[in-house]
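The values are calculated or read from the model by the stated rules, or taken from the named source; none is laboratory data. All values derive from a computational prediction rather than experimental measurement. As a convention, Cβ positions derive from the backbone with ideal geometry for all residues, glycine included, and neighbour counts pool all protein chains shown. Side chains are part of the model used for accessible areas, which takes the heavy atoms of the whole protein and leaves out ligands, DNA and RNA. Shrake-Rupley method; radii C 1.70, N 1.55, O 1.52, S 1.80 Å.
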Amino acid sequence: MNFQNPKTADIAALDAALAENFKAHFSVEPFLSRKIVSFQGNKDKPAYGWYKYKEAFSAELVAYLLNGAVGEPSGLGASVGARSKRARKILDPFAGIGTTLFAASELGIAADGIELLPIGQEIINARLILERDECADTIFSTLAQWITHRPWKNSPKRVPFSTLRITENAYPSETVEAIERYRGAMFQENEKVQTVLRMALLCILESISYTRKDGQCLRWDTRSGKTRASTKPFNKGQILGFDAAIAAKLKEILDDVHPAPTLFSNPSENEIPTPPVGLFKGSCLEILPTLESESYDAVLTSPPYCNRYDYTRTYALELAMLDLAHEDVTRLRQQMLSCTVENRQKALQQLAPQWAPFLTAADRQPLLQAILTYLDNQKSEGMLNNSGIPRMVRGYFYEMACVIGECARVLKPNARLFMVNDNVRYAGVSISVDMILSDIARSLGFAVEQILVVPGKKGNSSQQMGVYGRVPLRKCVYVWRKQ
């Protein structure tokens, strides 16, 4: 924080006071490496690494947190086996591609997820078909035939896909033709096989395109012909050919879910059934109020960060391939938790009148209100690089207050909520998302047990560092218990 700026002195004092208040709850946790709290920890894990979802955390993190988090209180890191006979169910309100859901299920814990983005819904649905459907063996056989015979190469039917303005000319012309023939052959299969084949296609789009996901946007290779003369040349390296890329992905999927039998393969007749995984499709702000009170033993999630990332742009290739039109994407962007400057203010009080106490909790958080006042003043003075920042930050915290309040309602007494989140910085002010949300949580019925800090701190954005200097920002896992 820029302590030399008198305009930020009040914020600095409030932040310091809150830090003193939470001092006993902060602890640096060596296990929580950047790899563990990010997608990197899933890259080589069967099924979890099919799709490069950069916003995910690792299945290993889920196992670490849930060991001892559900059933009787027993502390982090306790044995799962000791509680395997207890009825347990967890919730992830921001399910992504389902890491929490499937990792919890592997631990013998039933799981429900809520996911708005169609890409996450597609990945979860395909995994459920491959890993749990009664017709899975038939699907495996079909996949093997596709790998061997590559029916798309001779498909007489071509099925075009949607194009958004930001995805125009994203692929070489021969790749576009191959995708259309693949889709033509895909639609000749039954619906479940289509789901798996479509998921495989989504998994390779970035590797066969001229683009690379880069923060909040797509970065374009100079070979695309779309880069400006003033833009620094970018070469993403090898752009894979379609046939080799899709065949390799299909083989990876098949190998992961249908490994070759071994000499010692002998399924037990007494094998415990895999706990169910449920998926609610839509915004958690709309779905959470419909869930039964005190019905979950834990919540484990990572919401979008308050970092201006627009996931409808980051995953534009995938949304276009799922045939979303421009108006569909625009509507989706507004349904998301406010985390990008294009989010308009949501009518939270009208959406759920019972949320009034949650909104009041945000109103009464002193540090948050000081930050919002400062950002509004910076906007009025023309000091912000985007005038939508104050609205985004306000929307983020008020919507998160509603999410936290609903999580308190659906959790059983003494159940824990785990949340992975990042701190952010705007207009030279570091925003302690961890402490602000933890303080709001305390006023909504949670006891703050720990704020686990990921070792090492990342810098803020290059724009912020260029103007205000480098300030390390915490990444944390919050551990709250419903009182």
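Observations on the structure shown:
- For the range 324-483, the orientation-averaged shadow of the C-alpha convex hull comes to 10.9 nm² (one quarter of the hull surface).
- Label-to-label distance for LYS54 and ARG158 is 3.2 nm, based on points extended 7 Å past Cα in the beta-carbon direction.
- For the chain, DSSP calls about 55 percent of its internal beta bridges antiparallel.
- THR222 versus ARG34: modelled label distance in nm, points set 7 Å from Cα along the beta carbon direction: 2.7
- Long-range Cα-Cα pairs in the range 341-383 (distance over 13 Å), rounded percent: 67
- Cross-link partners of LYS213 among aspartates and glutamates (Cα-Cα below 12 Å; sequence separation of 8 or more within a chain): GLU55, ASP221, ASP310, GLU318
- A simple charge model with +1 on the Cβ of Lys and Arg, -1 on the Cβ of Asp and Glu and nothing else charged puts the dipole of the range 276-423 at about 260 debye relative to its Cα centre.
- Panel values: the range 106-214, Kirkwood radius from alpha carbon pairs, Stokes-Einstein at 25 °C and 0.890 mPa s, translational diffusion coefficient 157 µm²/s.
- Near GLN483, once Lys and Arg are set to +1 and Asp and Glu to -1 for all other residues with Cβ below 14 Å from its Cβ, the sum equals +4.
- Tensor-based shape of the range 92-162 (alpha-carbon gyration tensor, a/c under 1.5 rounded, otherwise prolate or oblate): oblate
- Solvent exposure of the chain, expressed per residue, is 44 Å² of accessible area, with all protein chains present and a 1.4 angstrom probe.
- From the alpha carbon centroid of the range 277-341 to that of the range 399-427 is 15 Å.
- Angle of helix 173-186 to the longest C-alpha principal axis of the chain, folded into 0 to 90 degrees and rounded to 10: 80°.
- Within the accessible surface of the chain, defined with a 1.4 Å probe on protein heavy atoms only, the carbon and sulfur portion equals 50 percent.
- Net charge of neighbours whose Cβ lies under 13 Å from the Cβ of ASN190, counting Lys and Arg as +1 and Asp and Glu as -1: -1
- Cα gyration tensor shape for the range 290-397, rounded if a/c is under 1.5, else prolate or oblate: oblate
- The overall shape of the chain is oblate: from the C-alpha gyration tensor, with semi-axes ordered a ≥ b ≥ c, the ratio a/c is 1.5 or greater and a/b is no larger than b/c.
- Cβ-defined net charge surrounding LYS89, 9 Å radius [Lys, Arg +1; Asp, Glu -1]: -1
- Only Lys, Arg (+1) and Asp, Glu (-1) charged, at Cβ; the chain dipole about Cα centre in debye: 1260
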